[in-house]
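Engineer: Encoded as structure tokens, here's the structure I'll be asking about.
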Amino acid sequence: MDWNFRLGKVTCPTNTPTTQFMFQKLHRAATLFILLAFIAFVSFDLTSRSSKIAYVDALKLVSNYEGMKVAKAELESKLLVYQKNIDTLKMELSSKNSEYALKRVRLSAAERTLFEELIATKEQQLLNYQQMVQEKAQKENLELTQKALDKINIFIKQYGENHGYELIIAATQYGNIVYGTPNMDITDEIIQGLNVEYKAAR
């Protein structure tokens, strides 16, 4: 049986709206991709005593996979650059507004018009850049996270085949599994194998 995790849509150490927004999405992905992956679980015959079944803790798995940690770090680094650019544009706009307030009474009507047009242009530049950053950050979040999740997909499939598992289920906070004995939990083995493979590939 071939299960494929797919990313839906992440919390970040920084305090900017953009970085918080993206990292909240990244955090939610850990649950969403697992839920989508195991929709077919309901049709599987769990009554077969000969079946070899195991489960993994989805959140623990994603949180401890080095590939996901690197993906988060890469995204955070890019978001910080974007935020610095936004801060620069805000400072330029604030500076122009302050300059205009000081000079306004001494400017002619034509000069005031030019100054106001310049300020309006900078305001639009800021809004356009913020929108571009949000769209770009979403795209990069999807790409970086899905790349890490694809690695998890491939590894779990290979692990299941190599160890003779007929089904590997994901336990999430939404209660896919009501009860499972500890010996059926292979989360640590999967994490260890994933990280060994990841480090060897770097």
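Engineer: Consider all pairwise Cα distances in the stretch 84-171 and report the whole-number % of them above 15 Å. Write down the numbers at each step before the final one.
Structural biologist: On the way: 2792 of 3828 pairs.
Result: 73 percent of Cα pairs exceed 15 Å.
Engineer: Let me ask another. All other residues with a Cβ under 14 Å from the Cβ of TYR55 taken together, and with Lys, Arg as +1 and Asp, Glu as -1, what is their net charge?
Structural biologist: For residues surrounding TYR55, the net value is -3.
Engineer: Same structure, new question: Any lysines with Cα under 25 Å of the LYS52 Cα? List them, leaving off those in the same chain fewer than 8 positions away.
Structural biologist: LYS60, LYS151, LYS157
Engineer: Could you give me the ³J(HN,Hα) list for the stretch 146-155, computed from phi with Karplus coefficients 6.51, -1.76, 1.60 and θ = phi - 60°, whole Hz, x at Gly and Pro?
Structural biologist: These are the phi-based 3J(HN,Hα) values: 4, 4, 5, 5, 4, 4, 5, 3, 4, 5 Hz.
Engineer: Take peptides 139-148, 72-81, 55-64, 110-119 and line them up by average Cβ neighbours within 10 Å, highest first, as a rough protection proxy. Could you put the intermediate results ahead of the total?
Structural biologist: On the way: 139-148: 18.1, 72-81: 16.2, 55-64: 20.1, 110-119: 12.7.
The peptides rank, most packed first, as 55-64, 139-148, 72-81, 110-119.
Just so you know, all these numbers are worked out from the coordinates, no wet-lab data involved. The structure presented is a predicted model; accordingly, all values stated were derived computationally and were not measured. Glycine gets a Cβ as well: all are built from the backbone with ideal geometry, and neighbour counts include every protein chain shown.
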